[in-house]
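Got a structure for you, written out below as structure tokens; questions coming shortly.
The values are calculated or read from the model by the stated rules, or taken from the named source; none is laboratory data. Because the structure is a prediction, the values reported are computed rather than measured. Note that we place each Cβ from the backbone using ideal geometry, even for glycine, and neighbour counts take in every protein chain shown. Side chains are part of the model used for accessible areas, which takes the heavy atoms of the whole protein and leaves out ligands, DNA and RNA. Shrake-Rupley method; radii C 1.70, N 1.55, O 1.52, S 1.80 Å.
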Number of protein chains: 2
Amino acid sequence: MQLQPDHVRRIVEAVDAAFDDQLAFTQDLVRHPSLRTQEASAQDLLYDAMRARGLEMDRWDLDPEQLATHPGAGRIAVSYENVGNVVGTYRPTEEQGRSLILNGHVDVVPEGPLGEWSRSPWDAPILDGWLYGRGSGDMKAGLVANLFAFDAIRAAGLEPTGRIHFQSVVEEECTGNGSLSALQRGYRADAVLIPEPEEDMLVRANTGVIWFTVCVAGRPIHPREMNAGFNAIDAAYHVMGRLRELEARWNAQKGDHRYFEDLDHPINFNLGGIRGGDWPSSVPAWCELDVRVALYPGVTADDAWAEISDCLASVTADDAGNPLEATATRNGFYSEGYVLEEGSDAESALRGAHREVFRDELASFTTPGYLDARVFALYADTPALVYGPISEAIHGYDERVDIESVRRITKSIALFIAEWCGVTASTGVEAVSSGREAVPVA
Amino acid sequence: MQLQPDHVRRIVEAVDAAFDDQLAFTQDLVRHPSLRTQEASAQDLLYDAMRARGLEMDRWDLDPEQLATHPGAGRIAVSYENVGNVVGTYRPTEEQGRSLILNGHVDVVPEGPLGEWSRSPWDAPILDGWLYGRGSGDMKAGLVANLFAFDAIRAAGLEPTGRIHFQSVVEEECTGNGSLSALQRGYRADAVLIPEPEEDMLVRANTGVIWFTVCVAGRPIHPREMNAGFNAIDAAYHVMGRLRELEARWNAQKGDHRYFEDLDHPINFNLGGIRGGDWPSSVPAWCELDVRVALYPGVTADDAWAEISDCLASVTADDAGNPLEATATRNGFYSEGYVLEEGSDAESALRGAHREVFRDELASFTTPGYLDARVFALYADTPALVYGPISEAIHGYDERVDIESVRRITKSIALFIAEWCGVTASTGVEAVSSGREAVPVA
């Protein structure tokens, strides 16, 4: 680390000093149920929080037409009216250091049956060292940590000397179109950090993800003649079995993909949704499956999609010989995976910051899920560091994030910002104890 | 047959004379999409048609509270506001003959994906000897045949000497609550005829039907940790497999059930609907199955339900050992099967009428589906004759009814009415050529 030991100490102490406020703000944010297309009120909160910090504000709704020109955009069936990103930009008085994008997504996945939660997904209580709620780990704690890490630098009487864009994006859980839209809007920097819930570790490699719906037709008939009919639900399940054969083949190829060799089951095809049939006493005419598949970095979405399409085209009959046809339609992610190449300066800076806080080496690992980092890695040639706190049950019931992990990660991020962008002593403003009350610097 | 040959000839000719009108009226009725809870406009049409015939009219909405007191009623989750039966009663000047209920249901099952139909399910075209449309066979052709059979008797210059109730009921396709409500309202007769589409045959025995929804919970999680989760859709499909084992056991018992011994597969468990999962990238938390099962006559619904419940309670884990719980909730039919005992006077009368028209013996058979006849057979000790025209694809696409079969069945019904109720020469009214213009007789 180039950072002076005294600066390190002051920054770390500033994180501690404001940590209660940070948690309270995270709870506020969790209490906004920012489900897909319903992110606006959470974005309002973040907009106001960034503006109060004196950042240069930008906010726009996603543009489906512009997105559709990008090969990595996900297809949508929703309206993007009032669905948009918030970006706050910090510009140093004199830009000397390296620039940085601190990115996070504000959208959360559906909570599922409420009865299965121990308490409301939107209450955000803190219990036994965990902050609960849908989106608490994935990834509002990280999104807020970005802001409070920045606050800590200023509360320490310092100012970053590099430009910083704070991005709160939508659509990370379904298409990745939020970060892609920010890229299309022109946001670039020398590095990106995204504090997704990654168990205090750095993501080294990540799969791509494709979403599609498979439609299968049956031969409806009255159940009294059931054997003359052909149940579309059974047929769809048969088709899913064939897709799982493809999943097994892709998993068998893991040895050919660096960073995936040692994973038990890197490629997961998730049967995430099903709908079929109109009437209990009619042999179902139709069934639809929502499927999420993963693909290795280096495999293009087009190639993966061609294999999926071939697989489905090969299903021409069920086990009983009934002719069947399965058609697939993309309806979300169409993303490729990425690898964070080892040895970047950005990673070195993060390693230094992590070592200061954790007194341990930063571990890296491979994740088999979608991450917006691919937008920066694939389309802007930018090192994208995905690094964030310990969580449990993301996308599940009683999702929660480990509070002390959030504290450590916030310190790491603060030190990383200071190390990467550089810092200089504040001029004209007094160091304040809480970042929430920071005086504008622009 | 007691009926005079001249009366037979005149009645049969009257059916032919009015048959174009009968088809036109059936087409009108098919054009009303009388899906569940949307039967009102079709009932309006029938009400007006009955009233124009001078029948004593009755119309009421079903009463959920009263129905709930009956063990054979189906549980509902819909409103019965504006969902009701129409009954028109013919009372002879002097009631000498046996009384009769001519019953039919006006509700139809959902049409399924429209793209799979060759033409709209609600257009009711006549093509190559078939009348098409959802409900054409099941059972608007029969419902209309009841009325036009009656018209033919009067057009032949005759009047039935027994009381006749024309019942157009709802809820036959889901609960049987329509006919049950008519029973609760007090309608009784010496025999019942229901012209369901039965291939010019008489139903000898019929299964009961139970509807229920099975809810299965999974363990939701992000697909990156898919193996730590537990997919509720897969779990639900596993549960359906266990129910199919019960189905196989019940089918293996067919030898113990008179009239079912020779059926290939008398007990059909239909997986009629499925819903599960909220998000393609979440391992599904929940899945629901809509299941329709059949039971032999003589097996009580309570006993069948206990076996189903035991079967579901025995499913405590999937093949991988994941603990799972399946809960079932009744949501429609809770009906027992029935047998039309051989040798009734009503059946003899119908056999005679059928022989006159078809020049062949009436065949009887066993059907493995629900029929409202069980209401009359089980709860009013009344012979209930289910006997109707040839159809294809009921509950399927391009449902259709055979026009010449409808003509023959109408003639049979007319002769059956005359034979069962008795006839006398009309007094004070002139025989009219079309039943649609019949002069009131009451």
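Does B:Gly142 meet the test of being in contact with a strand residue (DSSP E or B) (Cβ under 6 Å, 6 or more places away or on another chain) and open to solvent by 10 Å² or more (accessible area, probe 1.4 Å)? Spell out the reasoning first.
Numbers: in contact with a strand residue (DSSP E or B) (Cβ under 6 Å, 6 or more places away or on another chain): yes; open to solvent by 10 Å² or more (accessible area, probe 1.4 Å): no.
Against the criterion (in contact with a strand residue (DSSP E or B) (Cβ under 6 Å, 6 or more places away or on another chain) and open to solvent by 10 Å² or more (accessible area, probe 1.4 Å)), B:Gly142 does not qualify.
Okay, moving on. Return the residues of the stretch B:190-210 that are open to solvent by 20 Å² or more (accessible area, probe 1.4 Å) and either more than 19 Å from the chain's Cα centre (by Cα) or among the aliphatic types (A, V, I, L, M) (or both); say none if nothing qualifies.
B:Asp190, B:Met201 - these are the residues of the stretch B:190-210 that are open to solvent by 20 Å² or more (accessible area, probe 1.4 Å) and either more than 19 Å from the chain's Cα centre (by Cα) or among the aliphatic types (A, V, I, L, M) (or both).
Among the listed residues B:Ile394, B:Ile390, identify the single one that is touching a residue at least 60 places away in the same chain (Cβ under 8 Å), within 14 Å of chain A (Cβ to nearest Cβ) and more than 12 Å from the chain's Cα centre (by Cα). So that I can check it myself, show each step before the final result.
Numbers: B:Ile394 fails: more than 12 Å from the chain's Cα centre (by Cα).
Unique residue meeting the criteria: B:Ile390.
Report, ordered by the first and then the second residue, all pairs with beta carbons closer than 7 Å, sequence separation of six or more or different chains, a first member in the stretch A:87-115 that is within 14 Å of another protein chain (Cβ to nearest Cβ), and a second member that is assigned to a strand (DSSP E or B).
Note: pairs meeting the criteria are A:His105/A:Val169; A:Val108/A:Leu35; A:Pro110/A:Leu35; A:Gly112/B:Trp286; A:Pro113/B:Trp286.
Would you please name the residue that is nearest to the other protein chains (Cβ to nearest Cβ), looking only at residues in the stretch B:287-313 that are of a type in the set (Gly, Ala, Ser) and on the phi < 0 side of the Ramachandran plot? Talk me through it step by step, then tell me what you get.
The initial filter retains those residues of the stretch B:287-313 that are of a type in the set (Gly, Ala, Ser), namely B:294, B:298, B:301, B:304, B:306, B:309, B:313.
With the extra rule that they be on the phi < 0 side of the Ramachandran plot, the set shrinks to B:294, B:301, B:304, B:306, B:309, B:313.
Values: B:Ala294: 7, B:Ala301: 15, B:Ala304: 15, B:Ala306: 20, B:Ser309: 17, B:Ala313: 20 Å.
Looking at the filtered set, the residue picked out is B:Ala294.
Consider A:Thr213 against the criteria (1) outside the structural domain of A:Ala306 (by TED's automatic domain parsing); (2) in a strand (DSSP E or B); (3) open to solvent by 10 Å² or more (accessible area, probe 1.4 Å): it satisfies all of them except one. Which criterion is unmet?
For A:Thr213, the exception is condition (1).
Hey, among A:Val299, A:Val283, A:Val293, A:Val315, which residue is within 16 Å of A:Arg244 (Cβ to Cβ) and either over 29 Å from the mean Cα position of the chain (by Cα) or outside any strand (DSSP E or B) (or both)? Walk me through it before giving the result.
Numbers: A:Val299 fails: within 16 Å of A:Arg244 (Cβ to Cβ); A:Val283 fails: within 16 Å of A:Arg244 (Cβ to Cβ); A:Val293 fails: either over 29 Å from the mean Cα position of the chain (by Cα) or outside any strand (DSSP E or B) (or both).
Result: A:Val315 is the single residue among A:Val299, A:Val283, A:Val293, A:Val315 that is within 16 Å of A:Arg244 (Cβ to Cβ) and either over 29 Å from the mean Cα position of the chain (by Cα) or outside any strand (DSSP E or B) (or both).
Within the stretch A:397-406, how many residues are more than 10 Å from chain B (Cβ to nearest Cβ) and in a loop (DSSP other than H, G, I, E, B)? Let's see the steps before the verdict.
Pass one, the stretch A:397-406, residues more than 10 Å from chain B (Cβ to nearest Cβ): A:398, A:400-406.
Keeping just the survivors that are in a loop (DSSP other than H, G, I, E, B) gives A:398.
Matching residues across the stretch A:397-406 total 1.
Need the failing condition index for B:Ala248 against (1) without any contact (Cβ under 8 Å) to a residue 24 or more places away in the chain; (2) open to solvent by less than 10 Å² (accessible area, probe 1.4 Å), just the number.
The single condition B:Ala248 does not satisfy is (2).
Only one of (1) within 21 Å of B:Ala205 (Cα to Cα); (2) in contact with a His (Cβ under 8 Å, 6 or more places away or on another chain) is not met by B:Asp303, so which one is it?
(2)
OK, next. Among the strands (runs of 3 or more DSSP E) contained in the stretch A:33-133, which hold 2 or more residues that are open to solvent by 60 Å² or more (accessible area, probe 1.4 Å)? Outline the logic, then answer.
Values: elements: A:56-61, A:84-90, A:100-105, A:130-132.
By residue number, A:56-61.
Now for a different question. So in the stretch B:256-286, with the set limited to residues that are more than 7 Å from chain A (Cβ to nearest Cβ) and in contact with a helix residue (DSSP H, G or I) (Cβ under 6 Å, 6 or more places away or on another chain), which one is most open to solvent (accessible area, probe 1.4 Å)? Working first, answer last.
So the first thing to find is which residues in the stretch B:256-286 are more than 7 Å from chain A (Cβ to nearest Cβ), and the list is B:256-264, B:266-267, B:269.
Of the ones still in play, those that are also in contact with a helix residue (DSSP H, G or I) (Cβ under 6 Å, 6 or more places away or on another chain) are B:260-261, B:266-267, B:269.
On the way: B:Phe260: 0, B:Glu261: 77, B:Pro266: 0, B:Ile267: 0, B:Phe269: 2 Å².
This residue is B:Glu261.
Return the total of residues in the stretch A:194-233 being of a type in the set (Gly, Ala, Ser) and at the interface with chain B (Cβ under 8 Å from one of its Cβ atoms).
Going residue by residue through the stretch A:194-233, those that are of a type in the set (Gly, Ala, Ser) are A:205, A:208, A:217-218, A:228-229, A:232.
From what's left, at the interface with chain B (Cβ under 8 Å from one of its Cβ atoms): A:217, A:229.
Total satisfying the criteria: 2.
When the stretch B:352-369 is examined, which residues are found to be away from chain A (no Cβ under 14 Å) and of a type in the set (Gly, Ala, Ser)?
B:Gly352, B:Ala353, B:Ala363, B:Ser364
Same structure again: How many of the residues in the stretch A:374-387 are without any contact (Cβ under 8 Å) to a residue 40 or more places away in the chain and within 13 Å of the chain's Cα centre (by Cα)? Quick ask: steps written out before the conclusion?
First, pick out the residues of the stretch A:374-387 that are without any contact (Cβ under 8 Å) to a residue 40 or more places away in the chain: A:377, A:381.
Then drop every residue that is not within 13 Å of the chain's Cα centre (by Cα), which leaves none.
The total comes to 0.
Hey, another quick one. Here are some conditions: (1) away from chain B (no Cβ under 13 Å); (2) crowded, with 17+ Cβ neighbours inside 10 Å. A:Thr316 meets all but one. Which one does it not meet?
(2)
Give just the number: which of (1) over 22 Å from B:Val401 (Cα atoms); (2) assigned to a helix (DSSP H, G or I) does B:Asp20 not satisfy?
Condition (1) is where B:Asp20 drops out.
Would you mind telling me which numbered condition in (1) touching a residue at least 12 places away in the same chain (Cβ under 8 Å); (2) farther than 30 Å from B:Thr300 by Cβ; (3) open to solvent by 10 Å² or more (accessible area, probe 1.4 Å) B:Glu225 fails?
Single failed check for B:Glu225: (1).
Let me ask another. Sort out which residues of the stretch A:368-382 are part of a helix (DSSP H, G or I) and among the small types (Gly, Ala, Ser), and write them in order of number. First the steps, then the outcome.
First pass over the stretch A:368-382, keeping only residues part of a helix (DSSP H, G or I): A:373-379.
A:Ala373, A:Ala377 - these are the residues of the stretch A:368-382 that are part of a helix (DSSP H, G or I) and among the small types (Gly, Ala, Ser).
Per-residue answers, yes or no, for (1) of a type in the set (Asp, Glu); (2) free of Cβ contacts under 8 Å to residues at least 12 places away in the same chain; (3) under 23 Å from A:Val375 (Cβ atoms); (4) in contact with a strand residue (DSSP E or B) (Cβ under 7 Å, 6 or more places away or on another chain):
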residue: A:Leu289; (1), (2), (3), (4): no, no, no, yes
residue: A:Leu295; (1), (2), (3), (4): no, no, yes, yes
residue: A:Asp303; (1), (2), (3), (4): yes, yes, yes, no
residue: A:Glu307; (1), (2), (3), (4): yes, no, no, no
residue: A:Leu312; (1), (2), (3), (4): no, no, no, yes
residue: A:Asp318; (1), (2), (3), (4): yes, no, no, no
residue: A:Pro323; (1), (2), (3), (4): no, yes, no, yes
residue: A:Arg330; (1), (2), (3), (4): no, no, yes, yes
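In addition: In contact with a Leu (Cβ under 9 Å, 6 or more places away or on another chain) and farther than 30 Å from B:Thr367 by Cα: is that true of A:Arg244 in this structure?
Details: in contact with a Leu (Cβ under 9 Å, 6 or more places away or on another chain): yes; farther than 30 Å from B:Thr367 by Cα: yes.
Yes.
Going by what's in this entry, would B:His395 be described as over 19 Å from B:Val209 (Cα atoms) and surrounded by 15 or more Cβ atoms within 10 Å (Cβ to Cβ)?
Taking the combined requirement at face value, the residue does not satisfy it.
Exactly one condition in (1) open to solvent by less than 20 Å² (accessible area, probe 1.4 Å); (2) away from chain A (no Cβ under 14 Å); (3) over 30 Å from B:Glu65 (Cβ atoms) is false for B:Ala236; which is it?
Evaluating B:Ala236 over (1) open to solvent by less than 20 Å² (accessible area, probe 1.4 Å); (2) away from chain A (no Cβ under 14 Å); (3) over 30 Å from B:Glu65 (Cβ atoms) leaves (2) as the failure.
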